[in-house]
Amino acid sequence: QVRLVESGGGLVQAGGSLRLSCAGAASGNIFSINTMGWYRQAPGKQRELVAQILGTSTTDYADSVKGRFTISRDNAKLTMYLQMNSLKTEDTAVYYCHVRSMNSDYKQYDYWGQGTQVTVSS
């Protein structure tokens, strides 16, 4: 079981910056963390991948945020960050932290945080 708690969302003007944090706590039979990532969901739209870390260091970004957002993790802890710069109104959404783990039964499991609202005003 992995519990995830996001923080750092809020209201910011276009062009501004925010830093999201995701603090995780693992219990039970977690064998490994395969991916950690951030997704977002805007009103009336599907949830979409924003950025993820594959393994411990390989990063992947949505085209819409490349060059503006940076994902990072603390490998000593189950903690992840999303630095968001040059924010645009279209970045407004609820941002969710996601973890995919491999558990001791050799199956992959997906865990989600409760989400944090990011609102970018013009």
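Which members of the range 58-110 meet the condition of being under 30 Å from Gly28 (Cα atoms) and charged (D, E, K, R)?
Asp60, Arg73, Asp74, Lys77, Arg100, Asp105, Lys107, Asp110
Suppose we filter the range 19-43 for residues that are closer than 16 Å to Val94 by Cα and within 13 Å of the chain's Cα centre (by Cα); how many remain?
Going through the range 19-43 one residue at a time, the tally reaches 9.
Being part of a loop (DSSP other than H, G, I, E, B), among the small types (Gly, Ala, Ser) and open to solvent by 50 Å² or more (accessible area, probe 1.4 Å) is the filter here; which residues of the range 1-28 pass it?
Of everything in the range 1-28, those that are part of a loop (DSSP other than H, G, I, E, B), among the small types (Gly, Ala, Ser) and open to solvent by 50 Å² or more (accessible area, probe 1.4 Å) turn out to be Ala14, Gly15, Ser17, Ser27, Gly28.
The values are calculated or read from the model by the stated rules, or taken from the named source; none is laboratory data. Note that this is a predicted model, so its numbers are computed, not measured. For accessibility, only protein heavy atoms count, side chains too; no ligands or nucleic acids. Shrake-Rupley method; radii C 1.70, N 1.55, O 1.52, S 1.80 Å.
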